[in-house]
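Single-structure report; data block below.
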Amino acid sequence: MLSVAPMMDWTDRHCRVLHRMLSSRALLYTEMLTTGAVLHGDRARLLAFDPVEHPVALQLGGSDPGELARAARIAEAEGYDEINLNVGCPSDRVQSGRFGACLMKEPELVAEGMAAIRAAVKVEATVKCRIGVDEQEPEESLFRLVDLCAQAGVRRFTVHARKAWLEGLSPKANREVPPLDYPLVYRLKRERPALIIVINGGVGSLDEAEAHLAHVDGVMLGRAAYRTPGLLGEADRRIFGDDRQVDCFEAVDRYRSYVARELAHGTHLAAMTRHMLGLFHGAPGARTWRRILTVEGVRPGAGLEVIDRALAAVSGLQHQAAAAGLEAGEAA
């Protein structure tokens, strides 16, 4: 299986629809929402998603079993396909709220929360965690957390194969500085074969994803999927064995109708086009594509004509590049 990681400020509903235009099979995750936000916030805004996003999971942040259960029921009623508990985010704000990666130190509480979620909903309840935090020994912290949650009925775990350091490293540094320990996650799968183990952390391409799938059940892509979303267009063929793939031009054409609907409801164009900037990464015209969307997309009243102009520019530059390559080949 393949999924796209929950990423704060990135994987909002517009981003998820774009990703769905590229892959019909990848599992998509929301940004993390705290139980407090779900229970007391603007649910219509916070929990909204387009039906095309299925399968889509809501990631929760929290530690109180009762609140987790109530938030999970609300999410299930809204139509989410999975409830995922965040046991991996290392930000100061998350720590002060007693959720995220600091919960690696309280595996019994995590298991209690997961048991409460499972009792509250029929959809799948899953955990996303680190291999440990601070001075913990990952061989002990990871296996203990997984075993306790498995006893509570959890069957799928997404493991970011790094420790988190709760002091001294920023959230960004925590995604890059602690060394990756993929073999430990592979070992978790070998020694707990009945569980579904998904690996996360530093996976930069579908080639790397395929290599991991020789050892685990699934791969979660994060920044690679966001910064170079075009790779998701190959995922259904390469990871799921389907017989087609979606190129970036087709994805934009499919996304265009969604953008039109959202514009009609008052959504600003830039809120949607910001997720498209990496679509043509590495291809002729990529810089022009980004420039047009970035400069023109933020202007008052900007509409579909901005996307059309950017797409026409990319298409023209790619045709020029192809013609130049053909001429060079003929000359050779």
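The values are calculated or read from the model by the stated rules, or taken from the named source; none is laboratory data. Since we're looking at a predicted model, the values are computed, not measured. Cβ placement follows ideal geometry from the backbone for every residue including glycine, while neighbour counts extend to all protein chains displayed. Ligands, DNA and RNA are stripped out before the accessible areas are found, and what is left, the full protein with its side chains, is counted by its heavy atoms. Shrake-Rupley method; radii C 1.70, N 1.55, O 1.52, S 1.80 Å.
Among helices (runs of 4 or more DSSP H) entirely within segment 154-262, having at least 1 residues that are within 21 Å of Phe280 (Cβ to Cβ) and open to solvent by 30 Å² or more (accessible area, probe 1.4 Å) singles out 206-212, 223-227, 235-238. Among the residues of segment 277-320, those identified as aliphatic (A, V, I, L, M) and outside any helix (DSSP H, G or I) are Leu277, Leu279, Ala283, Val298, Ala302. Tallying residues that are in a helix (DSSP H, G or I), open to solvent by 20 Å² or more (accessible area, probe 1.4 Å) and under 15 Å from Gln59 (Cα atoms) within segment 113-135 yields 1.
Checking each residue in segment 44-96 for being part of a helix (DSSP H, G or I), of a type in the set (Asp, Glu) and open to solvent by less than 30 Å² (accessible area, probe 1.4 Å) picks out only Glu53. Scan segment 18-35 for residues that are touching a strand residue (DSSP E or B) at 6+ places or on another chain (Cβ under 9 Å) and assigned to a helix (DSSP H, G or I) and the total you get is 3. Of all residues in segment 231-247, those satisfying the criterion of being over 17 Å from His14 (Cβ atoms) and touching a residue at least 24 places away in the same chain (Cβ under 8 Å) are Leu231, Gly233, Glu234, Ala235, Asp236, Arg238, Ile239, Phe240, Asp242, Val246. The set of residues in segment 163-212 that are basic (Lys, Arg), more than 17 Å from the chain's Cα centre (by Cα) and closer than 20 Å to Val87 by Cβ comprises Lys163, Arg187, Lys189, Arg192.
Is it true that Thr273 is hydroxyl-bearing (Ser, Thr, Tyr) and open to solvent by 50 Å² or more (accessible area, probe 1.4 Å)? Answer is no for this residue.
Does Gly282 qualify as being of a type in the set (Gly, Ala, Ser), under 22 Å from the mean Cα position of the chain (by Cα) and buried (at least 16 other Cβ atoms within 10 Å of the Cβ)? The answer is no for Gly282.
For segment 292-332, a residue qualifies if it is acidic (Asp, Glu), at pLDDT 95 or above and open to solvent by 70 Å² or more (accessible area, probe 1.4 Å), and exactly one does: Glu305.
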